[in-house]
Structure formats: structure tokens, C-alpha cells
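Presented below is the structure to which this report refers.
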Amino acid sequence: MSKPTVFVTRKLPDDVEARLSQNYDVRLNTSDKIYTQDEILKLSQGAVAIIPCHTEKMDAALIQQLPDSVKALCCFSVGYDHIDIQAAKAKGIQVTNTPNVLNDATAEIAMLLLLGAARREYEGETQIRTDSWADWGATFQLGKQVSGGKLGILGMGRVGQIMARRARGFDMEIHYYNRSRLTPDLEMGATYHDNIESLFPHCDFLSIHCPATPDTHHIINKESIALLPDNAVLVNTARGAVINDDDLISALKSGKLFSAGLDVFNDEPNIDPRYKQLENTFLLPHIGSATLKTRNEMGFRAIDNLDAIIANKPPKDKLV
Ligand code: 8YV
């Protein structure tokens, strides 16, 4: 019997591609180019499933044109803002994601950004690399102390909870907003706020961990930034769409915010060039989940979901 065809939109780790090849006739993307929507449609012909990354925007128009052979979109990502899941549902296509397996890696990058933005990593490293470090000084390159500070977590899901755990290692006081309050065993002493107007004034540091949805679109804007204490540090490892770039850049320029650590942006990789001109930004190229261990686990999780769908069983991470 011939193997079902699966189209993988981007280059995945070797072990993931090898496991896929065992049971499927796989259309791999060896050059890792980003396909246009036309190419996605062409490469989907005859495929029973697609494994897309967040770089493939699968909007309603594209999903409606997918061949009828396609029964599943098994995302290689926890976020699924790139997929119109209602359009998929309407076409009878199941959609899955890869929750949990990237919690630790993403929280590591959030902590790196928090520390790097607070202690002015970019300026320090630039001086070393450009031979412009004059000398040590008692008032030279003073940063903002993280230990013992108040950390606000916007979105206390799986990544937010790990971030809180890591921050407790720095004796930080944790405040959070989430749609629903966590149970005390998960809250672990963190203070719950049932709206961001209540949360933001407590955030010497704010780390964003909520998904990009219509409700969270540009939730970081002039009005919400004004609620933060002066000199706050903002960290984003979630999605660029939660931030209004004009308003964040104004706050970084005016000194309202001490600094920002950003791993995700609007319109990646063509980010707002003004971020690169600011000295009080610490910028990374969307590498929250970029460890081999995590990328393998994401791939295996996507394959587990695919295997279940092919076997007519409910996939673990079914979105629709
Ligand atoms: C992934 C992410 O690398 O999983 C997500 O939602 O943002 C990233 O960590 C990327 O989405 C893979 O498609």
C-alpha cells in the first residue's frame, strides 16, 4: 500500500524528517525557502496533511483553495495565529499545534531578554566589540536590578508559569493577569489581577506570554504603557502583534520605559528599523524555541498528532 503524502513547508530537524519518512511519502523543503501561497497550493496537491510553521500564513482564501485531499494541518508551533482555524473547520480540515514542549526553551529566552534588557547587554557588548570601552567607572553602564523586583506576567499559561518559576529564583515578586485565575498550587503565591489596568502599575518588569488574538492585538499601546511604573522593562517572547510599535518606540525614546527585550516582532523579519537604532533594546530573531531538544520535541508532537489523525483517532492537540 502506498504511503500517505505529507507536505512539510520548512526544513525541520533531521530526526523529525527521518521519523516522518518512515510512514509517509514526505515532500520536504530541503532548501528551507519560504514558499509563496501559490507554491503552497501546488505542493499540497495530493497531500493528506500539511505541517506548516508560523512563517506560512494560511488565511481563509488559501485554505478554501487547498485540494480536497488535505485533511489535516499539523502545525509545527504552539501559536496558531497564522492559521484561520474556522476556515479549516468549515472545510473539514483538522488543525493541531504543539503545546507544552517549548515552555522551558521559551521561558529561558524570556529570562535572557529580561536580564539583557535590564543590564544593558547591547550597549556593553557593543563597547567590547567596537573597542570603545574606555574603562571601568563606579557610575558607568548602570542597569536596573532584577533581583527582588516586581515581575508582571501577561498571560499565565504554560510558558508564563515557567517564567514565574525562573523569576522566583531571582527573588522576584510575581503579579499576573490571565483570563482565569490559576489554582493556588499553580499560582504559587503570585498575585492575580483580573485586568491589565490593575496589573500594569505593579510591573517593574513586564513579560508577555499571551497568544496573538483579536483581543490582545496591540494590547501594548500608549494607554497601557502609561500605566506601567516609570523605568519599567518590557519583554516579549509571544507575538509581535500584541505591540503597537509606534507607541513602544515612543516610550523607549522618551525614557518612560527603561528598555525592552524583544524576540518577536510585527512583520518578521522586516521589523520596524527604529528598534535597531535604539540603545535600550535587546533584540533576538524569534529564537524562543530554538534548541535542538525543543525543535525535535515540537516535530515529534506534530507527528504524533498526524499519526492519530491518519489512524482516525482524536489527536492530542486538536484545535478544530
Ligand atoms: C516556533 C513559536 O519556533 O511555536 C511557536 O508558536 O513562536 C516558535 O517558538 C515557530 O512558531 C515554529 O513555527
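Every read-out reported here was derived from the displayed coordinates using simple, explicitly stated rules and does not represent laboratory data. Predicted, not measured: the structure shown is a model, and the values here were computed from it. Here the Cβ positions follow ideal geometry from the backbone for every residue, glycine too, while neighbour counts run over all protein chains shown.
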At 222 nm, what helix-only mean residue ellipticity would the chain give, in deg cm²/dmol to the nearest 500, using -39500 (n - 2.57) for each DSSP H run of four or more? -9500 deg cm²/dmol
Just report the Cα centroid separation between segment 8-58 and segment 91-133, whole Å. 26 Å
Compactness index (Cα Rg / 2.2 N^0.38 Å), segment 51-208: 1.39
Charge dipole (debye, nearest 20) of segment 173-261; +1 at Cβ of Lys and Arg, -1 at Cβ of Asp and Glu: 180 debye
Give the peptides 224-231, 35-42 in descending order of average Cβ contacts within 10 Å, highest first. 224-231, 35-42
Whichever lysines have a C-alpha closer than 20 Å to that of K71, once near sequence neighbours (fewer than 8 apart) are set aside: K3, K42, K57, K89, K91, K313, K316, K318
Once the Cα gyration tensor of segment 103-283 is diagonalised, semi-axes √(5λ) in Å: 26, 19, 15
Roughly how many Å is it from the Cα centre of segment 294-320 to that of segment 153-227, as a whole number? 29 Å
Principal axis extents for the chain, Cα atoms only, whole Å, descending order, please. 73, 49, 32
Let me make sure I get this right: for segment 155-208, a, b and c are the square roots of the gyration tensor eigenvalues over alpha carbons, sorted descending. Under 1.5 in a/c it's rounded, otherwise prolate if a/b > b/c, else oblate. Which is it? oblate
Here D for segment 270-320, in µm²/s, from Stokes-Einstein with a Kirkwood Rh over Cα pairs at 20 °C and 1.002 mPa s, works out to 152 µm²/s
